[in-house]
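The values are calculated or read from the model by the stated rules, or taken from the named source; none is laboratory data. Remember, it's a predicted structure, so these values are computed and weren't measured experimentally. All Cβ positions, even for glycine, are placed from backbone atoms using ideal geometry, and neighbour counts span all protein chains on display. Protein only, heavy atoms only, side chains kept; ligands, DNA and RNA dropped before computing areas. Shrake-Rupley method; radii C 1.70, N 1.55, O 1.52, S 1.80 Å.
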Amino acid sequence: MMTGLFISELERTFKRKKTAAVLAVYAGLLAFIWFFFQRGGISFFDADHDVKIDSLNSAPLLLRDLSFAITFIVIPMFVADSFNGEYTSGALRMVLIRPHHRVKLFFVKWAVQCLLVFIILCITWSVGTCLGRMVMPHVNETTFLGGQTLGTVGALLYSLKFYGICFCIFIAVISIGSILSVLMPNSILSYVATIGALIGSVYVSDKLSFFFSVTDSVFHELSRPNSEFLVNLLFPILLISLIINLFVWKKEEWVG
């Protein structure tokens with residue numbers, strides 16, 4: 001049953017014109033950023049720390065230039081279209097006419113959104129890693145924020161960890177966006193509400209600034225020894241947002 005729901009959700013997702021449009025825009029932006037990426041030769045860990053791009057650090061730095069688009073364009077549009085678009089258009093009611101449990105349907109939709117972002121990150125990492133080795137200046141070691149000097153294997157593991165933490169943050173963004181998309185009356189308002197929540201989080205607490213500047217925050221967390229960012233902050237936010245999602249999905253009137 002879950003497999004059938006997952007495949008059905010995938011099919012509906014990739015049949016939407018917005019999905020194709022957003023993916024096309026991201027692919028164009030990826031090519032555009034890479035063009036200037038290799039020509040400039042300089043990037044930044046954050047606003048105060050610049051760095052020369054080389055064959056070992058290109059993947060994390062490439063994501064830094066694209067993370068804003070993923071956070072504020074790609075994810076909010078995907079989530080609003082999936083959770084709110086189907087709800088307001090009546091497509092979700094047609095799905096729920098069948099004997100599908102609401103919780104299962106939510107997790108299927110949530111998992112598909114996570115899969116989309118995971119694919120985008122895999123493509124970005126592959127481009128940054130492969131083209132970095134082919135085009136950027138070859139080095140045997142590179143230095144990341146905080147003075148961490150790593151060789152080829154160490155830099156690869158750093159890159160994977162960097163992308164992994166960013167993916168966890170993006171999952172939290174998906175979860176928050178899904179709550180707002182269900183509560184808002186239309187897709188445009190749900191998109192705006194998600195953007196507003198992400199920006200507003202900075203004013204709630206400095207600790208939530210990672211929602212606004214994802215990669216800068218991750219660079220800083222990785223520069224700190226024994227950082228407990230995931231355990232103490234991100235995972236609790238993700239858990240709470242999922243609990244709220246389940247409560248809203250059980251209480252919402254989807255049909256009738």
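Counting only residues that are at pLDDT below 95 and of a type in the set (A, V, I, L, M), which one in region 75-86 is most open to solvent (accessible area, probe 1.4 Å)? Here the answer is Met77.
Residue-by-condition table, conditions (1) surrounded by fewer than 14 Cβ atoms within 10 Å (Cβ to Cβ); (2) at negative phi; (3) touching a Ser or Thr at 6+ places or on another chain (Cβ under 8 Å):
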| site | (1), (2), (3) |
| --- | --- |
| Phe32 | yes, yes, no |
| Arg39 | yes, yes, no |
| Phe44 | no, yes, no |
| Pro60 | no, yes, yes |
| Leu63 | no, yes, yes |
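The set of residues in region 139-159 that are open to solvent by 70 Å² or more (accessible area, probe 1.4 Å) and within 15 Å of Val51 (Cα to Cα) comprises Glu141, Thr149. The residue pairs whose first member lies in region 232-252 and is closer than 21 Å to His101 by Cβ and open to solvent by less than 100 Å² (accessible area, probe 1.4 Å), whose second member is in a helix (DSSP H, G or I) and basic (Lys, Arg), and whose beta carbons are closer than 9 Å, counting only pairs six or more residues apart or on different chains, are Leu246/Arg102; Trp249/Arg102; Glu252/Arg102. In the set Leu66, Leu61, which member is within 23 Å of Gln148 (Cβ to Cβ), part of a helix (DSSP H, G or I) and without any contact (Cβ under 8 Å) to a residue 60 or more places away in the chain? Matching residue, one of Leu66, Leu61: Leu66. Screening Ile75, Ile42, Ile33, Ile70 for residues that are out of contact with any strand residue (DSSP E or B) (no Cβ under 9 Å at 6 or more places or on another chain) and either over 19 Å from Gly164 (Cα atoms) or among the basic types (Lys, Arg) (or both) leaves exactly one candidate, Ile33.
For every residue, the table says whether it meets (1) under 20 Å from Ile171 (Cα atoms); (2) open to solvent by less than 40 Å² (accessible area, probe 1.4 Å); (3) modelled with pLDDT under 90.
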residue: Ser67; (1), (2), (3): yes, yes, no
residue: Thr88; (1), (2), (3): no, no, yes
residue: Val112; (1), (2), (3): yes, yes, no
residue: Leu115; (1), (2), (3): yes, no, no
residue: Cys122; (1), (2), (3): yes, no, no
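If the condition is being open to solvent by 10 Å² or more (accessible area, probe 1.4 Å), aliphatic (A, V, I, L, M) and in contact (Cβ under 8 Å) with a residue 60 or more places away in the chain, then region 160-173 contributes Ile165, Ile171. Of the residues making up region 191-229, those that are open to solvent by 50 Å² or more (accessible area, probe 1.4 Å) and either touching a residue at least 40 places away in the same chain (Cβ under 8 Å) or under 21 Å from Pro76 (Cα atoms) (or both) are Tyr191, Val192, Ile199, Tyr203, Val204, Phe212, His220, Arg224. Given the criterion surrounded by fewer than 17 Cβ atoms within 10 Å (Cβ to Cβ), in contact with a helix residue (DSSP H, G or I) (Cβ under 7 Å, 6 or more places away or on another chain) and at pLDDT 85 or above, identify the matching residue among Lys52, Lys18. Answer to the check: Lys18.
If I filter region 105-123 for residues that are of a type outside the set (Asp, Glu), farther than 25 Å from Met77 by Cα, within 22 Å of the chain's Cα centre (by Cα) and outside any strand (DSSP E or B), do I get at least one hit?
No, region 105-123 contains no residue that is of a type outside the set (Asp, Glu), farther than 25 Å from Met77 by Cα, within 22 Å of the chain's Cα centre (by Cα) and outside any strand (DSSP E or B).
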